[in-house]
Structures are given as C-alpha cells and as structure tokens.
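Following: one structure in structure tokens, then a few remarks.
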Amino acid sequence: MSTADINLHQTTQISRCDPRVTESGLEVVFPTYGTGQNRSIETYRLGDRDNTTRFYHEAHFLTTSRTQPKGYLPTNFGYCSLSHPSNTNTLTIQLRGDSPLSSDYTVFRQRALQKNCHLVENHGSQTYRSNEQTYRLNPPFFDEANLQGIGTRECIKFRNRIFRKHPEFNHVLVKSYMRIAREKNYVEANRNLRALDARLSRRDLRLTMDDDQIKDFCKGKAIQCERIAAKFPSQVAAMKITQLLNHYGISFPVKGDQLLPAIRRCEDQVWWRRQVRKIQVREYEQICREMGLVHKRSEIYASNTNIRKRRLQKARNRKLLAELTATNQFDQEFTLEELSALSNSNPEIRRSELMVRMRGFETVAKNMGLVAEFYTITCPSRFHSMHTDGRKNETYRQYTTRQANDYLCKVWARIRAKLHRDEIKVFGFRIVEPHHDGCPHWHLILFMCADQAIKCRKITKHYALQDSPDEPGAMKHRFKAEPIDPNKGSATGYVAKYISKNLNGKGIDCDQYGNNAIEAAERIETWACLNGIRQFQQIGGPPVTVWRELRRLNNEQSGLVEAARKVADSADWAGFVDLMGGPYCGRDTTIHIARWQEIDEETGEVLDPVLNRYGEVAKHKIYGIWCKGVRVITRFYRWVITRTPL
C-alpha cells in the first residue's frame, strides 16, 4: 500500500499519540488498534520550522511491543508523499502494526514549543482523536529567538496572535516583520503586520485556511444565499447577495439582466469554492511578490506554497478522474484518467500539436514568400517587483500579474488595430511567459510580406514604448525585434524552446536562469494557472477545433471534407490552412463546426434550448462538421459517466 493511498479516517481508529522532540526534528507516532504484525503503513505529515527543510522518519512497531518505539530510520519520500492533501510543509511519519502507548500531552506541548513547533487544540480539518484529548498539529509559526528584544510585551502578544492566526503563512509574516523592524522600527513592523492581517482576513474568511476549512466556509455561504433567495424577491435577493459577496471581494456573477441564474450560482458551494480558492492563491502570490520572495534567487516564477497547492490540486484531480468511468452505447468502459491522457490536457500532446501548427504556418509563409519576425514586449518598470540581482525594485507599484498581462493585451490591441488600418496582414503565434519575479512578457512570432516588415516593426515598437519611454533601460529591454534568417535556422526551431519550457521542459536542459527545465516548466505552468493566463494563442489562420474534429474521422468521406480529413490525419497544418481559405481566413472558413439543435421531428420546430445547472442557455454540443450544406458526424458515441470511489 503506497503512502499516497492511505486516509487516516478510513483505515484506522486512533488510540493515543506518543509525540517526542528529538535533535533531528519532531517525531509523532499514532499507534492503532488491531491485530497482526506490520498490519498497515500509515502516513501523517507535519511541518517544520522554516517550511523548506523536511525531516522524514520511519517508525516500526511490533504487535507485542509495549515499550517505546525503536528503529527510527531517516528516509526521503519527496513532495509526492501525501496522506492528507489539504496539508502542506510537512514531516512524513510511517507507522506499522499496533501498540497502544502512553502519551503525556503537557510534556509534549512544552517540549514542542521549545523546538518552535506550534500545536492548536480542536482546530481545523486534520484533527486526531485519542482517549484523552483532541488536538491538531500545525506548522510552527515562528522562532521566538529571532524576535527577542523587538517590541514591548503588548507588541509580542499582538504579533503572536496574528502569527498563530495564519500558521500556513507565518514564515512570510515573520520575514516581513523582521525586515521592517531592522530597517525602520517595531512600530512600522506592527503596522505592516496589521495591514497584512487585514488582507488575509475578510470578515470570517481567512485566506490562509486549509482546503477542508474552505469547503466548510463555502458550504455555509451557499446555504446563506439559499435562505436569502427564499426569503426575498429576486431584485432584493440579488442586492443582498451582492453585498455579501462584496465583503469577500467577489463579484456578483450576473450576465446581462439574468438575475435568477446568477442567484443560483451563489447558492452553489462549488461555485463559492472556485471563487475563494482563486482569491486565496492570487492574494497570497501577490503578497509574496510585494515582499520580494518571488525572484530567481529565491522562489522563481511562483511561490513555493502555491507550487505545493498546485501539486495537491493535481493529485486530487487525478484521484477524481480515476474514480470516474465513462461507458458508451457499445459497453466500452474507460476511466476519465485514461481518456485525459489522450487529450490536449496531456502536455506532450499539446506540445506536439503546437509544434505541428507552428511548422505548418512556416510552410505556408515560405510558399507565399513571406518573412518572419520575432518580437518580445515587456512591461514598464512599475510592473516588476524585483531586479535580476535580487534587489527590490523601488519603482514597483504593487501591480498584480494579471494587471501586467492586461496591460500587454491593451498594447497588442493597439498594435493590431494600427496594422489593420495600414493594411498590414500578419499571422503566427503569441507566447506568454514570466520573468523571474512573476511579471509576464510576450513573445510574438509573426509572418508578413517582406516589404512591410520594417513598418510592422516600427508600429510594434511605437506602441510597446508608448508608456514611459524615457525610464532607464526602456529602449534596451522593453522591446526587442529579431528577423528570422532562414539560413541560420527556421522560425519553428527558434520558438521550439519557448514552447517546451512553458509546457514540460522536454528537449532542453535548463531555463534562461540556469534552473532545471522540467522543474521550471512546472513552476511556469503553476504561474499561468493561478493567474488565469493563456500561455499560447494563435494569431490568424483557421480555427483549430475544426482540425481536431477532422482528426476524429476514420472512414473515407467525399469532396473537400475528404481532402481536409487527409491533411489533418497526416498532421499537415499547411495543407489544412490552404483548404480552409488561407492564413487570413479568420472565421470565414470553408468547413465549420456543427452543433446539436433539438428539433421536433413532427413539426420541424426548433425546441427550447438546453439549460445548464444554473438555468442559463447552454452551448449546443459539438457533434461534427458541416461543409456547403453537408453535415458529417465526428462524435459517434454517447457516454454515461459513473463514479466508483477507490
């Protein structure tokens, strides 16, 4: 049985706890009831002092043993050893068999506090029950020795209260407090600590809650919205729910004048969870950026805590997909985990498709006699939190990563509009990736007519430097242009490393800062996910959805559809672009996506559209393609999803 598969509450009853503090770390043993030598292995986790170094111990028990446990051996299971996905920064302890041991809670607490280990009674999701008391083990909140001599007695009580309030975030709070206390004084440190506490606390919502606590909070708020909706008319209920959402920085999800679907969303605890988790990770990340923790000499691209949260989220998703089974009308069964590995959610498949499309665009450009330009656009200095040497940027104005990306989107919108007015047509790809401090920058690979390349470059440079053109380093760093010389290498080869290092790191050894490419790709993927940034976007050309639907077809068709099916099946993006109307066709293509539309078979009348779970008109499902009035089915199966808990 693997350490990742065991759940404390499902596998065993807890008898008593025998915690001890040793020189190598905190050892916590949870003996179990039962018979049989080495009956099971169970994993429990606890954080260490600085949230970076971990101690791992293995405790072996014999059924007949009534003495203190022996045989502790240091091991290392890495970050993937998860027994409780909601916990982080942890010490993994394995135990075998059963041997009820006595515990001295008072002595443990005193010794644990001496070793800077924080213990909270009856609090949170990871609560262990024994015959004597109930308590939860949390990551330690601070090292009091480092704060000795700073502040008055009241000051110590004040800061300790906040440190204990946010145990998962205390390492950041302590670092900030100590830095400000050294640079200024403890009064300013207290003010900053109070401001951070206000950002992390929104009424009864603490953004440092673990996942189980967030679920409980969201369930309560969903019930509260249900009661409001049942008590008041729609207009009044919408106003009151909006006031409730504003307390937590959440927008009322109304679309147009459709109040009822918006209210139903607010009655859904799953919708609440998405909103709260989004706020949690983004606010946490922004605080880390403002404190100078995210940079190449520390936590590059994204904070370590959000990296761990992303890993846990992926583990939960994999577990869920493994539990869900899809069955079609021919009784074929597959888990969603198996089907997911065959889709674009697989990074390797996604990378391969991007490379095929990029190579196809390059072939189209070559056949048309076009040239390629590679542009890099960077945000002004006020969006960057850190210098590359690890110093804080004094001109930083606390802009978030999303605000920086929105700025780049507006710059590109101006460039695109100007190119359209000057009748300069381009197509290619846009790639978004982070600087070491999490601030985004854009790479653009564009194909255009040779006689328009210089003008296109001038237009792009003009709008890229329109904001703050005189700041130091603007001309050198804010815009870079490089023409692609076919004699030195292809455009596809030029951007291949950018595609790879932003997906899975395949084919490259390290990123531009010397970090392992695979680890860097994981951090970049986390950065894009938590900030809601689209990493890759096609500029010009036909929709890729038609291409994917054509690749589903196995049987021979006729006419244009058959020609398109062959080029799609042979991964010939250039041929597909030509058949669809060329690289400038946009949505005016020869083949379109076909969607289901429910029709009364007797009268031919179009029935009412399908509604989603919130009462909104849902998009019709794709069933195939259509070309010149001819419809071709590409999705032959009807699937039923069932869940079987593992």
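Below are the figures for this structure:
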| item | result |
| --- | --- |
| For segment 205-248, accessible area per residue (1.4 Å probe, heavy atoms of protein chains only), Å² | 50 |
| Ranking by accessible area, most exposed first, for C449, C627 with a 1.4 Å probe | C449, C627 |
| Which of M239, M580 is most accessible, then next, and so on - probe 1.4 Å | M239, M580 |
| Cα pair distances of segment 353-449 binned at 5 Å [whole percent] | 3, 12, 19, 18, 15, 13, 9, 7, 3, 1 |
| Förster radius 25 Å - calculated FRET efficiency between T644 and N612 (Cβ-Cβ, nearest 0.05) | 0.45 |
| 3J(HN,Hα) from dihedral phi, segment 509-525, Karplus parametrisation 6.51/-1.76/1.60, rounded to Hz, x for glycine, proline | 8, 8, 8, 5, 9, x, 8, 3, 5, 5, 5, 5, 5, 5, 5, 5, 4 |
| For E433, residues with placed amide H under 5 Å, excluding near neighbours | H441, H443 |
| Potential lengthening between R202 and K455 on full extension [0.36 nm per residue; Cα-Cα distance subtracted] | 86.0 nm |
| Estimated FRET transfer efficiency when R0 is 30 angstrom, pair K240-F636 (beta carbons, to 0.05) | 0.05 |
| Cα-projected label distance for A563 with R191, points at 7 Å along beta-carbon direction, nm | 7.3 |
| Around K410: net Lys/Arg minus Asp/Glu count, Cβ-Cβ under 11 Å | 0 |
| Label-to-label distance, nm, for residues given as S298 and Q148 (7 Å Cα→Cβ offset) | 2.6 |
| Per-residue HN-Hα couplings for segment 197-210 [Karplus 6.51, -1.76, 1.60; θ = phi - 60°; Hz; x = Gly/Pro] | 4, 5, 5, 8, 10, 10, 6, 8, 9, 9, 6, 9, 5, 7 |
| Cα gyration tensor shape for segment 144-274, rounded if a/c is under 1.5, else prolate or oblate | prolate |
| Kirkwood Rh in Å, taken over segment 231-293 so that all alpha-carbon pairs contribute | 13.1 |
| For C585, distant residues with modelled amide H under 5 Å away | G541 |
| For segment 247-365, convex hull of alpha carbons as volume per residue, Å³ | 259 |
| Amide H partners (placed H, <5 Å) of F427, local residues excluded | F447 |
| Whole-Hz ³J(HN,Hα) from phi, Karplus 6.51 cos²θ - 1.76 cosθ + 1.60, for segment 565-581, glycine and proline x | 4, 5, 5, 5, 5, 8, 6, 9, 5, 4, x, 5, 4, 4, 5, 7, x |
| Principal axis dimensions, segment 284-327 - Cα atoms, whole angstrom, descending | 50, 17, 12 |
| Proximal charge balance of K255 [Cβ under 13 Å; K/R count +1, D/E count -1] | 0 |
| Estimated D of segment 367-522 in µm² per second, where Rh is the Kirkwood radius over Cα pairs and Stokes-Einstein applies at 10 °C, 1.306 mPa s | 95 |
| D_trans [Stokes-Einstein, Kirkwood Rh over alpha-carbon pairs] for segment 461-505, 25 °C, 0.890 mPa s, µm² s⁻¹ | 190 |
| Stretchable slack from N344 to K425, in nm (0.36 nm times residue separation minus alpha-carbon distance) | 26.2 nm |
| Long pairs among K255/K628; K221/K278; K175/K392; K410/K461, criterion Cα-Cα beyond 26 Å | K255/K628 |
| Longest to shortest principal axis, alpha-carbon extents of segment 309-387, angstrom | 52, 44, 16 |
| Cut-off 20 Å (backbone N to label point 7 Å along Cα→Cβ of R414), residues of segment 350-387 | 375-384 |
| Relative contact order (%) - criterion: Cα under 8 Å, at least six apart; region: segment 465-581 | 12 |
| For I484, net neighbour charge (Lys/Arg +1, Asp/Glu -1) across residues whose Cβ lies under 10 Å away | -3 |
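The values are calculated or read from the model by the stated rules, or taken from the named source; none is laboratory data. Just so you know, these numbers come straight off a predicted model, no measurement behind them. Because the Cβ atoms are built from the backbone with ideal geometry, glycine has one as well, and the counts that use them run over all protein chains shown. When the accessible area is computed, the model is the full protein with side chains, heavy atoms only, and any ligands, DNA or RNA have been set aside. Shrake-Rupley method; radii C 1.70, N 1.55, O 1.52, S 1.80 Å.
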